[in-house]
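Colleague: This is the structure, below, for whatever I ask next.
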Amino acid sequence: NAGVTQTPKFRILKIGQSMTLQCTQDMNHNYMYWYRQDPGMGLKLIYYSVGAGITDKGEVPNGYNVSRSTTEDFPLRLELAAPSQTSVYFCASGQTAYGYTFGSGTRLTVV
Amino acid sequence: RKEVEQDPGPFNVPEGATVAFNCTYSNSASQSFFWYRQDCRKEPKLLMSVYSSGNEDGRFTAQLNRASQYISLLIRDSKLSDSATYLCVVNREVAGKSTFGDGTTLTVKP
């Protein structure tokens with residue numbers, strides 16, 4: 001069972017560069033989420049989607065964009081990377097009432 | 001005040017000990033509650049849901065106290081493999097966004 005797959009696992013970006021973090025789930029979940037986790041901290045919601053074509057901001061959306069063209073895919077786009085975006089990024093899918101399945105994360109360093 | 005607060009620990013306990021974590025939440029309209037486990041440099045994994053009546057899964061017991069607005073996790077007969085960070089999660093909506101606590105770190109020592 002693949003579950004939630006994230007790529008890449010690691011990435012180093014230079015300030016001002018852009019990249020897309022990929023997330024794919026094979027559980028046919030309508031709800032998908034992007035979180036970031038800074039060292040020693042909890043997860044903060046960046047964006048979420050309740051279905052294909054529908055996305056909404058979480059608590060820390062600045063500097064990021066998302067799209068949801070299919071049920072399976074929910075990519076996160078970083079434009080003009082900044083050192084403050086150095087973090088671990090987790091994609092998740094599932095329903096709030098039943099708990100989430102997380103991907104294994106992308107460790108991003110912006111230098 | 002944070003919406004969800006946890007004692008960060010660390011909790012250092014010997015094998016076989018019983019340990020309990022609490023998590024307080026500020027919104028009385030919160031509807032569902034969970035505990036997740038996160039190993040070092042890994043993704044969070046769902047440990048168990050928390051119900052008003054309390055629920056048990058082997059050595060783990062979760063409780064919800066709506067009047068005092070906290071949830072708890074009790075681990076009995078701790079194992080070395082229980083060493084991890086435990087995240088509590090509180091949801092205000094049936095569908096939508098979850099709020100994660102910052103986690104409580106547990107280290108079980110031989």
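Colleague: Quick test of your reading: applying the under-4.7 Å Cβ rule, which cysteines of the protein assembly as shown are isolated?
Modeller: Cysteines of the protein assembly as shown left without a disulfide-compatible partner: B:40.
Colleague: Could you size up the charge dipole of segment A:27-100 around its Cα centre, putting +1 on the beta carbon of Lys and Arg and -1 on that of Asp and Glu, and report it in debye to the nearest 20?
Modeller: Value, rounded to 20: 60 debye.
Colleague: Quick one: if you take sqrt(5λ) for each eigenvalue of the C-alpha gyration tensor of the protein assembly as shown, what semi-axes come out, biggest first, whole angstrom?
Modeller: Working: eigenvalues 180, 79, 50 Å².
They are 30, 20, 16 Å, listed from largest to smallest.
Colleague: Where the accessible area of chain B is counted over protein heavy atoms with a 1.4 Å probe, how much of it, in %, is carbon and sulfur?
Modeller: Reported share for carbon and sulfur atoms: 47 percent.
Colleague: Further, regarding this structure: Using the heavy atoms of the protein chains alone and a 1.4 angstrom probe, what is the accessible area of chain B per residue in square angstrom? Spell out each step's value before the answer.
Modeller: Details: 5320 Å² over 110 residues.
Per-residue accessible area for chain B comes out at 48 Å².
Colleague: Consider all pairwise Cα distances in segment B:69-110 and report the whole-number % of them above 15 Å.
Modeller: Numbers: 457 of 861 pairs.
Looking at segment B:69-110, the distances longer than 15 Å represent 53 percent of pairs.
Colleague: Just add up the charged neighbours of residue B:63: K/R +1, D/E -1, any other residue whose Cβ is under 14 Å from the Cβ of residue B:63.
Modeller: Working: positive: B:66, B:76; negative: B:56, B:57.
Around residue B:63, the charge tally is 0.
Colleague: Ok, one more. For chain B, calculate the relative contact order in percent as a whole number, restricting contacts to Cα pairs under 8 Å that are 6 or more residues apart. Write down the numbers at each step before the final one.
Modeller: On the way: 277 pairs, mean separation 41.1, N = 110.
Normalised by residue count, the contact order of chain B is 37 percent.
Colleague: Give the interface area between chains B and A as buried accessible surface, both sides summed, probe 1.4 Å, in Å² to the nearest 100. Walk me through the numbers on the way to the answer.
Modeller: Working: alone 6180 and 6040 Å², together 10520 Å².
Between B and A, the summed buried area is about 1700 Å².
Colleague: Let me ask something else. What are the trypsin sites (Lys or Arg not before Pro) within segment A:3-81 that DSSP puts in a loop, where the Cβ has at most 14 other Cβ atoms within 10 Å?
Modeller: Numbers: sites: A:9, A:11, A:14, A:36, A:44, A:57, A:68, A:77; in loops: A:9, A:14, A:68.
Qualifying residues, ordered by number: A:9, A:14.
Colleague: Then there is this: Enumerate the aspartates and glutamates that residue B:109 could reach by cross-link, defined here as Cα to Cα under 16 Å, with residues fewer than 8 away along the same chain left out.
Modeller: Hits, sequence-local ones excluded: B:15, B:39, B:77, B:82.
Colleague: Shielding by partners for A:96-109, please: the mean number of other protein chain Cβ atoms within 10 Å of each residue's Cβ. Could the numbers behind the result be given before it?
Modeller: Numbers: counts 12, 10, 4, 13, 8, 4, 7, 1, 3, 4, 0, 1, 0, 0.
Mean partner shielding for this stretch: 5.
Colleague: How would you rank B:99-106, A:47-54, highest first, on the average number of other Cβ atoms within 10 Å across their residues?
Modeller: Working: B:99-106: 22.2, A:47-54: 16.2.
Highest mean packing first, the order is B:99-106, A:47-54.
Colleague: Could you work out the relative contact order of chain A, using alpha carbon pairs under 8 angstrom and six or more residues apart, expressed as a whole percent?
Modeller: Numbers: 291 pairs, mean separation 39.9, N = 111.
Over chain A, the number comes to 36 percent.
Colleague: Mind checking which lysines have their C-alpha under 30 Å from residue A:14, skipping anything on the same chain fewer than 8 residues away?
Modeller: Counting by Cα, and skipping residues close in sequence, residue A:14 has these lysines nearby: A:44, A:57, B:42.
Colleague: List the equivalent ellipsoid semi-axes of segment A:1-66 in whole Å, largest first, each obtained as the square root of 5λ for an eigenvalue λ of the Cα gyration tensor. Don't skip to the end; give the middle numbers.
Modeller: Values: eigenvalues 85, 50, 36 Å².
In descending order the semi-axes read 21, 16, 13 Å.
Colleague: A further question follows. Using the C-alpha atoms of chain B, what convex hull volume per residue, in cubic angstrom, is computed?
Modeller: Spelled out: Cα convex hull of chain B, divided by residues, is 99 Å³.
Colleague: For B:37-43, what's the mean count of beta carbons from other chains sitting within 10 Å of each residue's beta carbon? Numbers along the way, then the final one.
Modeller: Values: counts 0, 5, 0, 0, 4, 4, 16.
Per residue, the average neighbour count from other chains is 4.
Colleague: Could you tell me the extents of segment B:19-62's C-alpha atoms along the three principal axes, largest first, rounded to whole Å?
Modeller: For segment B:19-62, the Cα extents along the three principal axes come out at 33, 23, 17 Å.
Colleague: Shifting gears a bit: At R0 = 30 Å, how high is the FRET efficiency between residue B:74 and residue B:29 if r is their beta carbon distance? Nearest 0.05 is fine.
Modeller: Values: r = 26 Å, r/R0 = 0.86.
It comes to 0.70.
Colleague: Charges at C-beta only: +1 for Lys and Arg, -1 for Asp and Glu. How large is the resulting dipole of segment B:20-110 about its Cα centre, in Debye rounded to 20? Walk me through the numbers on the way to the answer.
Modeller: Details: 11 positive and 8 negative charges, 24 e Å.
Charge dipole of segment B:20-110: 120 debye, to the nearest 20.
Colleague: Excluding ligands, DNA and RNA, what is the solvent-accessible area per residue of segment A:31-93 at a probe of 1.4 Å, expressed in Å²?
Modeller: On the way: 2580 Å² over 63 residues.
With all protein chains present, segment A:31-93 gives 41 Å² per residue.
Colleague: Still on this structure: Over all distinct alpha-carbon pairs, what is the Kirkwood Rh of chain A in angstrom?
Modeller: Values: mean 1/r = 0.0725 Å⁻¹.
About 13.8 Å, per the Kirkwood formula over Cα pairs.
Colleague: Apply the Karplus parameterisation 6.51 cos²θ - 1.76 cosθ + 1.60, with θ equal to phi minus 60°, to every residue of segment B:21-33 and state each ³J(HN,Hα) to the nearest whole Hz, in sequence, with x for glycine and proline.
Modeller: 10, 10, 9, 9, 10, 9, 9, 5, 8, 4, 10, 9, 9
Colleague: For residue B:93, enumerate residues with amide H under 5 Å from its amide H, sequence gap 5+ or separate chain, H modeled in the peptide plane.
Modeller: Sorted by chain and number, the residues that satisfy this are B:31.
The values are calculated or read from the model by the stated rules, or taken from the named source; none is laboratory data. Quantities reported herein were computed from a predicted structural model and do not represent experimental measurements. Please note: Cβ atoms are built from the backbone with ideal geometry, for glycine as well, and neighbour counts cover all protein chains shown. Accessible surface areas use protein heavy atoms only, side chains included; no ligands, DNA or RNA. Shrake-Rupley method; radii C 1.70, N 1.55, O 1.52, S 1.80 Å.
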